[in-house]
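Participant: Let me begin by handing over the structure; questions about it come next.
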Amino acid sequence: MFRLPLFWATILVATNFLCADTSVLPGVVLEIRGKASKSIDYRLERRVAIRVDENEPPSAFVDAGPFASVWHGVLLLDKRERINFSFEGFGKASLHLGGEKILEAEGDDLSTVESERLRLNGGEHPFELRYSSADSGLARFRLFWKGRDFARESIAPKSLAHFSTGKPAQFLKKSSLLRQGRFLFASHGCVRCHLPDEPFNKKTAMPEALAMGPSLVGVGSRLSKGWMEKWILDPQSMRHNARMPKMVNSRTEASHLVAFLSSLKNENAGKSIVSGDSKSGGVLFADLGCISCHTLTENGNIDENGRISLVGVGRKYRPGSLAAFLIEPDKHYPWIRMPDFHLSKGEAANIAAFLQDLESPTLNVTISTGDAGKGKLLASSLGCVACHELPCENKLISTSLQKLSALSGEGCLSESSKGPRFPFSKEERSAISIFLKERGGGSLERNSPPEFANRQFEELRCVACHERDGQESFWGAFSNEVSSFKPRRDNSLGLASNPVPAHSTNRTPPDLSFAGEKLTENWLAAFLAGKVAEKPRPWVKARMPSFSIRAKYLASGLSGSCGVFPEMQDEPRLQDEKHLELVGGKIVSTLCITCHGVGDQKPTAVFEGQGVNLSLARSRMRREHYMRWMMNPYRITPNTIMPKFADEEGRTGLIDLFEGDARRQFGSVWYYLHGLSN
């Protein structure tokens, strides 16, 4: 069975409720209408926020330029609240709650007005938020609220939903099919053969549509002949979610291709092979959370959870090549889904030794004798070079992208295809056909960063290690499968200066619910690209991998979907900045230093768990999130070990500093951190 990516499975589950009784589902429906092109789109969003930068389209299915939008949603309240609503950004916006307009603003600064305090009962409150961009097409908007027991904040995804019935839900279902077809078409390399009449603009096109498959130059020094033959014969028999189609019609053709590929050698391969320790590799495999994306059993339940079996992977690679792959996974395939954990040679050798001990009888195949010359001709005629770097010509002639809409259901989309045979389900074939017929592939020329971030969150299985919006990570669910590889649990912080037990919340990767509005875009891009030398949480044995080619797009999409500025904004100069820094330094040296390091200075008395070094805080965190966190960390992370220092009146126990005013005190710490970061 071919398993849908989690994102599309979630969309389809949601739309299946359309025939059921009215209910609410996570997320809000965003309707976008282009003012010039009259194009319309609907998509599911986690927040009521948007940012559209210069030359960006507001949606993959709407041209760049001025647009109008409507968020159709339901506000979820756990209890009776008294709430004020407000905006941020520019353009024109109005909020309608229960059919009544409660707030409206227009201009370059939408934050100048606030609604009256509304008394709302606990439960569901339908709303519409209408927003129009600037005439240039630029847009930035965020919806805020504040209550009696919480300060002004953006509305968290857990408090937003939409009705499963009604016109917005119906339009969302159709748009979701178009998006599914678009992603399948791009991610399976269809556009590599079905070329557009004019090449895509690499700066503005859908990134996945520009992606090439793995380079096969030197592959004969990396992969074993037996594995290549079995893979070429039937990729899906070896990996349930393989995107490589079945291309050959016989073992003879496969053997010719293997002979050609095996002749492509790299003279330097295998010259620096390092012996590894299997036991140490098992421990590292467990510590890095590899079990969240991989299983160590033959097939098993991989179709249910999307993990890839590693049984027999040792027989895939030639000596030394598996360790080399683990050191630099994206060397031959920049768009690979396997992340780079920045392993040392020794670590890679240890994991390779561990994986090579996983024997697989299914790979005991008899290799046929092939002809390399015939294989090269076959690679040219089959069009292998369209997706893979190879030393041969592409002699495959395919229908252009613009003409595919007239061939709906034919060719590669036919279950009886005489060319590439993709493992698409009936529903997936239908989604691709609808996409080509109704959109003609034009949307592949548009990149919407927030949509890219949403797709790649599922594509890269970020939920394997991180929680988001209350969805539990896979790590905890599968960690018992590798518990035998790990020594007795070590709960220490891993730092000799603070050998104290670490709270469970301090040992796991951070929750990503607020990542886009928490972290500065430049820092996040560098972090995702593996260019940040300092590890924010060095006591956590897990390590954040890098996704180099996706980093910039991901960072832009995550912050853009929250409607925040792409760069840190200049703060107004204050006359008493020196005094603020002095007060901030006093607070840090007497209070924060207990659990947080400050540069080279270690924390003095860690209790449940250490905090991020404060010298890193200013460069990575946005001030708005910092202040929200300091005022009430439990509002963001209910199970955090960070204490709440401010009371309900916004005062702390440090009454000798700014008369206990928490905001002024925390603001002074921010100024002090600015000096540290510089």
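Nothing in this text is a laboratory measurement; each read-out follows from the coordinates by a stated rule. Only a predicted model underlies this, so the values are computations on that prediction, with no experimental measurement involved. Backbone-built Cβ (ideal geometry, glycine too); neighbour counts: all protein chains shown.
Participant: If I fit a long axis through the Cα atoms of helix 278-287 and take the longest principal axis of the Cα atoms of the chain, what angle between them do I get, 0 to 90°, rounded to 10?
Facilitator: 40
Participant: Under a cut-off of 29 Å between alpha-carbon atoms, report the lysines in cross-link reach of Lys437, not counting same-chain residues fewer than 8 places apart.
Facilitator: List returned: Lys35, Lys38, Lys167, Lys173, Lys174, Lys202, Lys203, Lys246, Lys395, Lys403, Lys418, Lys426.
Participant: Exactly which GluC sites (Glu not before Pro) in the range 243-341 are in a DSSP loop and have at most 10 other Cβ atoms within 10 Å?
Facilitator: Here the GluC sites (Glu not before Pro) that fit, given the DSSP loop and packing criteria, are Glu267.
Participant: Once you have the Cα-Cα distance between Glu298 and Ser417, take 0.36 nm times their residue separation minus that, and quote the gain in nm to one decimal.
Facilitator: In short, 39.8 nm is gained.
Participant: Now, a different point. Subtracting the Cα-Cα distance from 0.36 nm times the residue separation, let me have the gained length for Arg130 to Ala406 in nm, one decimal.
Facilitator: Values: separation 276, 0.36 × 276 = 99.36 nm, distance 3.73 nm.
That pair, Arg130 and Ala406, stretches by 95.6 nm at full extension.
Participant: If you fit an axis through the alpha-carbon atoms of helix 251-262 and take the longest principal axis of the Cα set of the chain, what angle between them do you get, 0 to 90°, nearest 10?
Facilitator: Approximately 70 degrees, to the nearest 10.
Participant: Can you tell me the relative contact order of the chain? Whole percent, Cα pairs under 8 Å, sequence separation 6 or more.
Facilitator: 13
Participant: What value, in deg cm²/dmol to 500, does the helix sum -39500 (n - 2.57) over DSSP H runs of n ≥ 4 give at 222 nm once divided by the residues of the chain?
Facilitator: Counting only the DSSP helices, I get -8500 deg cm²/dmol.
Participant: Angle between the Cα long axis of helix 372-382 and the longest principal axis of the chain, 0 to 90 degrees, nearest 10?
Facilitator: 50
Participant: How large is ³J(HN,Hα) for each residue in the range 206-223, as worked out from phi by the Karplus curve 6.51 cos²θ - 1.76 cosθ + 1.60 (θ = phi - 60°), to whole Hz, x for Gly and Pro?
Facilitator: 4, x, 5, 6, 9, 6, 9, x, x, 6, 9, 5, x, 5, x, 8, 10, 10
Participant: Pop out the ³J(HN,Hα) list for the range 436-443 in order, Karplus 6.51 cos²θ - 1.76 cosθ + 1.60 with θ = phi - 60°, rounded to Hz; leave Gly and Pro as x.
Facilitator: Those phi angles translate into 5, 6, 8, 10, x, x, x, 5 Hz.
Participant: Next up: For the range 151-163, in order, what is each residue's ³J(HN,Hα) by Karplus, 6.51 cos²θ - 1.76 cosθ + 1.60 with θ = phi - 60°, in whole Hz (x at glycine and Pro)?
Facilitator: 7, 4, 7, 5, 7, 5, x, 5, 9, 10, 8, 9, 6
Participant: May I ask you to list the lysines whose Cα is less than 24 Å away from that of Lys79, ignoring any residue fewer than eight positions away on the same chain?
Facilitator: Cα-Cα hits under 24 Å: Lys101, Lys146, Lys158, Lys644.
Participant: Turning to a different aspect of this structure: If you take all C-alpha pairs in the range 210-351, what percent of them are over 18 Å apart?
Facilitator: Working: 6160 of 10011 pairs.
Everything past 18 Å amounts to 62 percent.
Participant: Hey, can you grab everything whose amide H is under 5 Å from the amide H of Asn613? Only 5+ residues off in sequence or another chain; H modelled, so Pro and N-termini drop out.
Facilitator: Correct list: Gly597.
Participant: Another question, if that's okay. Just the Kirkwood number for the chain, please: inverse of mean 1/r across all distinct Cα pairs, in Å, one decimal.
Facilitator: Working: mean 1/r = 0.0363 Å⁻¹.
Evaluated over the chain, this radius sits at 27.6 Å.
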